[in-house]
Amino acid sequence: MCGYCSGTVTNSDYFGVGGQNYFGYHHNEAPGFDYTFAAGNVQVDPQFVSPAIPASTPDCGNAATMIVCAAPIIAGFKTQNPAVAGMGYQPPGACVPDQYWPSSWLPVSLVPDGLVTKPCSQ
């Protein structure tokens, strides 16, 4: 974590689950973080199918994969608003180069297949 973080958010869509489509930021409430909204930002309601957070941890012991176990949760967070088509959850795919993969503490070999898209060369 940085001691003092700052930046500018531009050309982005932002939203909150359950109708909480608001971003509020007050520097005094989070000292050390200073972000500014600039041009091109759009508040978007993704119109999720049925955004529900499970009341307890799913029991995936008998599921073939974590993705199969989480399928009902993932389906609820599918977007219906054309303005955000292609955003949100993306199923894992073939490996891709990823310079930001934290290989020093998370070796690719320890990550189960089908959980996330893994980097090819690490």
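Considering the range 71-95 alone, what residues qualify as being over 15 Å from the mean Cα position of the chain (by Cα) and outside any loop (DSSP other than H, G, I, E, B)?
The answer is A71, P72, P82, A83.
Answer yes or no as to whether N81 is polar (S, T, N, Q), outside the structural domain of G114 (by TED's automatic domain parsing) and modelled with pLDDT under 85.
Values: polar (S, T, N, Q): yes; outside the structural domain of G114 (by TED's automatic domain parsing): yes; modelled with pLDDT under 85: no.
Taking the combined requirement at face value, the residue does not satisfy it.
The values are calculated or read from the model by the stated rules, or taken from the named source; none is laboratory data. The model shown is predicted, which means the values in this text are computed figures rather than measured ones.
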